[in-house]
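One structure is given below, encoded as structure tokens.
The values are calculated or read from the model by the stated rules, or taken from the named source; none is laboratory data. None of the values given here were measured: they were computed from a predicted structure. Note: ideal-geometry Cβ built from the backbone for every residue, glycine included; neighbour counts use all protein chains shown.
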Amino acid sequence: MEPVLAEKIVHGLKAVGIDFITYLPESRLSQILPLLREDGTVQMVAAASEQEAITIAAGAALGGKRVACYMESTGPYVSAYSLLTVGKQMGVPILLLIGFLGSFADQRNSFLYVTIGMRMIPTLEGLGLEYRVIENADNLDRHIRDAQRVSDSMRAPAALIFSGEFAR
Amino acid sequence: MIRRDCLELVAPLMTDQLVLSSQSGQRIEWFHLSQHEGNLLVGMMGCATGVGMGLALALPHRRVIVLESDGSVLLSLFNLPTLGNLNLTNLTVFVFDNEVYSGSTMSEPTATAGNTDIAAIARASGIENAVTVDDIEGFKEHGLPGVTGEGLHYVVCKVEESLIHREIPRPNVDLAEYKYRFVRYIERTEGITIPFVGLG
């Protein structure tokens, strides 16, 4: 990912007031991590599992934080249980940021990723989670704002899935 | 020692703590003993400690207490290294370890009935003061400071299996009602607005 794209993602997150992010690093969007760390206004928590990342983010949201959770496209599989229980069932909004490795537009796709990537969106749909796939930075701030508004309104996690230019 | 013995000692000490229970028998016993507005039911096993960590990070001046079970902790062992590295000073986790899946009708044994020691795993994960207690005096000594004191406490309470939770009335409160009561309590006591609950 071009550094300027990472800057735009971070800008968009800060613009909607995200002040708490849980994450497992991956390869497509990881350049946002040093930017967030350098910025210093977003509390960052490294989790050992995406399932855990969702629960920590949910707890912070209940405590008044504006939260996001960053993961790769394996994350929805690993975290399906907590997305459904603390996310949907309890009703806690969490902005999901998913690096879409294994997608059609993943510029570094391979046999390692494609099976995971191709079934990721059906998995989100099976969980009843709203999502939008983003392939370039056009209107990125608006996409982030829209996703957070949907997440708040649904009282549930909602996902922005980054592919194309973001997955180089 | 049974779980209820411990919870009966904790309930009178409630002031402004935030208490989360996982989906185990203790949630019925606790919510029967305590109608504290800072109680929150986390509806399934394996999620309460994670939610507790998030709350403790968001509200570092509030004491957060998590009521866990051995089955629930075994479902989410990844919490322990994370907790062991966060340096939290306002979180207490009580693990009521009865060595069985008590919710199963046959009380099938958990790994802690065999060779597994949750407190030892916690210590090896960086929670240096994680401790196991197996009688009520031990709970008073090592457990109760986690209710009113400071620091990170991880207390594994070895308890006999008890089926009291099957005999007392279940709470007539659903997950959404718990959540809204809980966040309104936080709003009122913290003087903050939880961003997502009032948007219309």
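Give me the residue from the range A:152-168 that is over 17 Å from A:S79 (Cα atoms) and either away from chain B (no Cβ under 14 Å) or touching a strand residue (DSSP E or B) at 6+ places or on another chain (Cβ under 6 Å) (or both) and, out of that set, surrounded by the fewest Cβ atoms within 10 Å (Cβ to Cβ).
Step one: list which residues in the range A:152-168 are over 17 Å from A:S79 (Cα atoms), which gives A:152-155, A:162-168.
Narrowing the set further to residues that are either away from chain B (no Cβ under 14 Å) or touching a strand residue (DSSP E or B) at 6+ places or on another chain (Cβ under 6 Å) (or both) leaves A:162-168.
Details: A:F162: 32, A:S163: 24, A:G164: 17, A:E165: 16, A:F166: 27, A:A167: 25, A:R168: 12.
It comes out as A:R168.
May I ask you to list the residues in the range B:83-130 that are crowded, with 23+ Cβ neighbours inside 10 Å and without any contact (Cβ under 8 Å) to a residue 40 or more places away in the chain?
B:A130
Given the criterion under 17 Å from B:E177 (Cβ atoms), modelled with pLDDT under 90 and small (G, A, S), identify the matching residue among B:G38, B:G43. Show your work before the answer.
On the way: B:G38 fails: modelled with pLDDT under 90.
Selected residue: B:G43, the only one of B:G38, B:G43 that is under 17 Å from B:E177 (Cβ atoms), modelled with pLDDT under 90 and small (G, A, S).
If B:M106 passes every condition in (1) within 13 Å of chain A (Cβ to nearest Cβ); (2) assigned to a loop (DSSP other than H, G, I, E, B) but one, which one does it miss?
(1)
For the range B:154-165, give me each residue that is buried (at least 24 other Cβ atoms within 10 Å of the Cβ) and not β-branched (V, I, T).
B:Y154, B:C157
In the range A:22-88, which helices (runs of 4 or more DSSP H) lie fully inside it and hold 3 or more residues that are within 12 Å of another protein chain (Cβ to nearest Cβ) and touching a Pro at 6+ places or on another chain (Cβ under 8 Å)?
Working: elements: A:32-39, A:50-62, A:75-78.
In the range A:22-88, the matching helices (runs of 4 or more DSSP H) lie at A:50-62.
Got a number for residues in the range B:178-200 being in contact with a strand residue (DSSP E or B) (Cβ under 8 Å, 6 or more places away or on another chain) and of a type in the set (A, V, I, L, M)?
Of the residues in that region, 1 qualify.
Taking the stated definitions as given, is B:L152 of a type in the set (A, V, I, L, M, F, W, C), touching a residue at least 24 places away in the same chain (Cβ under 8 Å) and within 14 Å of chain A (Cβ to nearest Cβ)? Please lay out each step first, then the result.
Details: of a type in the set (A, V, I, L, M, F, W, C): yes; touching a residue at least 24 places away in the same chain (Cβ under 8 Å): yes; within 14 Å of chain A (Cβ to nearest Cβ): no.
Criteria not met by B:L152.
May I ask you to list the residues in the range B:63-82 that are surrounded by fewer than 22 Cβ atoms within 10 Å (Cβ to Cβ) and either in contact (Cβ under 8 Å) with a residue 60 or more places away in the chain or assigned to a helix (DSSP H, G or I) (or both)? Steps first, answer last, please.
Kept after step one, since they are surrounded by fewer than 22 Cβ atoms within 10 Å (Cβ to Cβ), are these residues of the range B:63-82: B:74-75, B:77-78, B:81.
Of everything in the range B:63-82, those that are surrounded by fewer than 22 Cβ atoms within 10 Å (Cβ to Cβ) and either in contact (Cβ under 8 Å) with a residue 60 or more places away in the chain or assigned to a helix (DSSP H, G or I) (or both) turn out to be B:L74, B:L75, B:P81.
What number of residues within the range B:8-53 satisfy the criterion of being under 17 Å from B:V159 (Cβ atoms), among the aliphatic types (A, V, I, L, M) and touching a residue at least 40 places away in the same chain (Cβ under 8 Å)?
3
Of the residues in the range A:89-111, how many are within 9 Å of another protein chain (Cβ to nearest Cβ) and within 23 Å of A:I18 (Cβ to Cβ)?
Pass one, the range A:89-111, residues within 9 Å of another protein chain (Cβ to nearest Cβ): A:89-93.
Retained after the next criterion (residues that are within 23 Å of A:I18 (Cβ to Cβ)): A:90-93.
Total meeting the criteria: 4.
Can you name the residue in the range B:109-136 that is among the polar types (S, T, N, Q) and in a loop (DSSP other than H, G, I, E, B) and is also nearest to B:T49 (Cα to Cα) among such residues? It would help to see each step written out before you state the result.
First, the residues of the range B:109-136 that are among the polar types (S, T, N, Q): B:110, B:112, B:115-116, B:125, B:129, B:132.
After this cut, where a residue has to be in a loop (DSSP other than H, G, I, E, B) as well, the list is B:110, B:115-116, B:125, B:129.
Working: B:T110: 19, B:N115: 23, B:T116: 19, B:S125: 15, B:N129: 17 Å.
Among residues in the range B:109-136 that are among the polar types (S, T, N, Q) and in a loop (DSSP other than H, G, I, E, B), the one nearest to B:T49 (Cα to Cα) is B:S125.
Condition check ((1) modelled with pLDDT of 95 or more; (2) over 16 Å from the mean Cα position of the chain (by Cα)) across all residues:
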{"residue": "B:F96", "(1), (2)": "yes, no"}
{"residue": "B:E108", "(1), (2)": "no, yes"}
{"residue": "B:G114", "(1), (2)": "yes, yes"}
{"residue": "B:I118", "(1), (2)": "yes, no"}
{"residue": "B:E128", "(1), (2)": "yes, yes"}
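Can you tell me which of B:R170, B:R184 is more than 10 Å from chain A (Cβ to nearest Cβ) and part of a loop (DSSP other than H, G, I, E, B)? Steps first, answer last, please.
On the way: B:R184 fails: part of a loop (DSSP other than H, G, I, E, B).
Checking each option against the conditions leaves just B:R170.
With the checklist (1) under 24 Å from A:K14 (Cα atoms); (2) out of contact with any helix residue (DSSP H, G or I) (no Cβ under 8 Å at 6 or more places or on another chain); (3) surrounded by fewer than 24 Cβ atoms within 10 Å (Cβ to Cβ) in hand, flag the one item A:L112 doesn't pass.
Looking at each condition in turn, A:L112 falls short on (1).
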